[in-house]
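A.B. asks: Could you have a look at this structure, given as structure tokens, before my questions?
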Amino acid sequence: MAHYEVIIVGAGPAGLSTALHLQQMAPELAERTLILEKARHPRTKLCGGGVTPDAERVLGRLGLDVTEVPHVDLVSAHFLFEGKGIPLRLGETYAFRVIHREELDAWLAQKARERGLAILEETPVQRAILGEGGVELITSRGTYQAKVVVGADGAHSVIRRSVIGQHRSPFAYALVLWAPPNQQSLHCPDVGYFDFFCVSRGVLGYVWDFPILIRGQTMRSWGICQLGVRREDGRRRMIHLLAGELARHGYRLDDYPLYGESVPLFRSGGLFSAPHVLLVGDAAGVDGVFGEGIGPALGQGEVAARAICDAFMSGDFSFRNYRTDLLKSDVGRSLRRREVFASLFYRLRHPVIQRLIWWRSGMIIGFLVKNFLLGWTKSYEKRETK
């Protein structure tokens, strides 16, 4: 049995951020840390690929420049209802970047390796056994033991199940496809579109369309998400609405493979830890307004790394304060605000109210999105200038 101080399960943004922040805070502890990944990079990951300025700032504080990865910069992001709404620019010169998750995760894993972090790929964790002195992980390559295990193993997390059991919390469900640009489309090629027309039609979410580079080829990322559901029985309605929107832009849904994925939603009252165990990223849940995963996952990695350092300094591995610390952090406060906003916004389903929100209240909604729901890393800059 191999022994480590820390084992991180999952080599995506959440797990790699935890490892890189841990190395920054406690290099000697990072030397006794192992990252287990069930696949091999570059591996398939279903994701729209939006990288916000928040995500970029977290990476920048780690000394990483995400523009090294092939990307598309969106001039603006349009938040709409029935094709009409408000344009937003989240960065100074762009709305946000779009990066194929396959390439983003592979790049981040390579940076972690270059800094000496140990990643063992093609090692799926089959079972986690929580004990008084740590956690045993049963894998396809044998058994590993650690004082601390970080569950960063995504939407169907084995570590999450070991903490909360089979309880099924509300989740986000998304359908995604990639299609070539179409000259019949009503959308601009360098703009991202998020249309909430489906809220008034029984799907609490939005349809999106924006450009993305897939292995060097410019494509359009199309999809629809539903947030806060408990069963996937809305799939047929989602397909119907997505097909209709695609048809308006000259596409036939049947011409492209359609992929689906469900991810738990972040709930401030949820369980994010157990003795010797922490949850981050999709394993902890995505936000309930946009379903954003990458930025919050990177931010949670910093919170988890700090909690791990404190545990080894104090000798207390109960992590009883982790939930409080997470919710008080910059990223945690942002996720809590999104949770509250989602609980209010998705009750307002009547088309007249939705038109009032998106067509008549543009300045207010834009301010809320940029400064209340997103932009949580701006506090980094404020603290550093003091």
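A.B. asks: Pick out, in residue order, every one of the GluC sites (Glu not before Pro) in the stretch 73-132 that is DSSP loop and has at most 13 other C-beta atoms within 10 Å; say none if there are none. Don't skip to the end; give the middle numbers.
C.D. replies: Details: sites: GLU82, GLU92, GLU102, GLU103, GLU114, GLU121, GLU122, GLU132; in loops: GLU82, GLU92, GLU121, GLU122, GLU132.
In loop regions of the stretch 73-132 (DSSP not H, G, I, E or B), the sparsely surrounded GluC sites (Glu not before Pro) are GLU92, GLU122, GLU132.
A.B. asks: Now a separate question. Quick one: ranking PHE196, PHE317, PHE312 by accessible area, 1.4 Å probe, largest first, what do you get? Spell out each step's value before the answer.
C.D. replies: Numbers: PHE196 5, PHE317 35, PHE312 55 Å².
Sorted by accessible area, descending: PHE312, PHE317, PHE196.
A.B. asks: Okay, next question. Relative to the Cα centre, what is the charge dipole magnitude of the stretch 241-386, using +1 at the beta carbon of each Lys and Arg, -1 at the beta carbon of each Asp and Glu, and rounding to the nearest 20 debye? Show your work: numbers first, answer last.
C.D. replies: On the way: 20 positive and 15 negative charges, 167 e Å.
The dipole magnitude comes to about 800 debye.
A.B. asks: How large is the helix-only mean residue ellipticity at 222 nm for the chain, computed as the sum of -39500 (n - 2.57) over DSSP H runs with n ≥ 4, divided by its residue count, in deg cm²/dmol to the nearest 500? Provide the component values of the computation, followed by the final result.
C.D. replies: Working: 12 runs with 125 residues, N = 386.
Result for the chain, helices only: -9500 deg cm²/dmol.
A.B. asks: Now, a different point. Within straight cross-link reach of LYS111, meaning Cα distance under 16 Å, which aspartates and glutamates are found once same-chain residues fewer than 8 apart are removed?
C.D. replies: GLU31, GLU37, GLU56, ASP65, GLU68, GLU102, GLU103, GLU121
A.B. asks: Something else about it: Could you check the simple spin-label distance between ALA39 and GLU132, using points 7 Å along Cα→Cβ, in nm with one decimal?
C.D. replies: 4.0
A.B. asks: Could you size up the charge dipole of the chain around its Cα centre, putting +1 on the beta carbon of Lys and Arg and -1 on that of Asp and Glu, and report it in debye to the nearest 20? Present the calculation step by step, with values, prior to reporting the outcome.
C.D. replies: Details: 48 positive and 40 negative charges, 257 e Å.
Dipole of the chain, to the nearest 20 debye: 1240 debye.
A.B. asks: Given contacts defined as C-alpha pairs under 8 Å and at least six residues apart, what's the relative contact order of the chain, whole-number percent? Present the calculation step by step, with values, prior to reporting the outcome.
C.D. replies: On the way: 811 pairs, mean separation 82.5, N = 386.
Answer for the chain is 21 percent.
A.B. asks: Using the charge dipole of the chain (Lys, Arg: +1 at Cβ; Asp, Glu: -1 at Cβ; taken about the Cα centre), state which of SER200, GLY50, LEU298 has its Cα farthest towards the positive end.
C.D. replies: The residue sitting farthest along the positive end of the dipole is SER200.
A.B. asks: Next up: Got a number for carbon plus sulfur as a percent of the chain's accessible area, 1.4 Å probe? All intermediate terms of the calculation are to be shown ahead of the outcome.
C.D. replies: Details: 8530 of 16640 Å².
The computed percentage sits at 51.
A.B. asks: Working with all protein chains in place, sort TRP359, TRP107, TRP178, TRP222 by solvent-accessible area computed with a 1.4 Å probe, largest first.
C.D. replies: On the way: TRP359 85, TRP107 30, TRP178 55, TRP222 5 Å².
Putting TRP359, TRP107, TRP178, TRP222 in descending order of accessible area: TRP359, TRP178, TRP107, TRP222.
A.B. asks: Let me ask something else. So how strong a dipole does the stretch 216-307 carry about its Cα centre when Lys and Arg Cβ are +1 and Asp and Glu Cβ are -1, to the nearest 20 debye?
C.D. replies: Numbers: 10 positive and 10 negative charges, 49 e Å.
With only Lys, Arg, Asp and Glu charged at Cβ, the dipole is about 240 debye.
A.B. asks: Express as a percent, rounded to the nearest 5, the fraction of DSSP beta bridges in the chain (both residues included) that run antiparallel.
C.D. replies: On the way: 49 of 72 bridges.
Antiparallel: roughly 70 percent of the beta bridges in the chain.
A.B. asks: Mind checking which aspartates and glutamates have their C-alpha under 19 Å from LYS84, skipping anything on the same chain fewer than 8 residues away?
C.D. replies: ASP190, ASP195, ASP209, GLU245
A.B. asks: If each of VAL75 and ASN371 carries a label point 7 Å out from its Cα toward its Cβ, how far apart are those two points in nm?
C.D. replies: Each label point lies 7 Å from its Cα, and together they span 2.7 nm.
The values are calculated or read from the model by the stated rules, or taken from the named source; none is laboratory data. Fair warning: this is a prediction, and the values are worked out from it, not measured in the lab. Every residue, glycine as well, gets a Cβ built from its backbone with ideal geometry; the counts of neighbours run over all protein chains shown. Note: areas computed on protein heavy atoms with side chains; ligands, DNA, RNA excluded. Shrake-Rupley method; radii C 1.70, N 1.55, O 1.52, S 1.80 Å.
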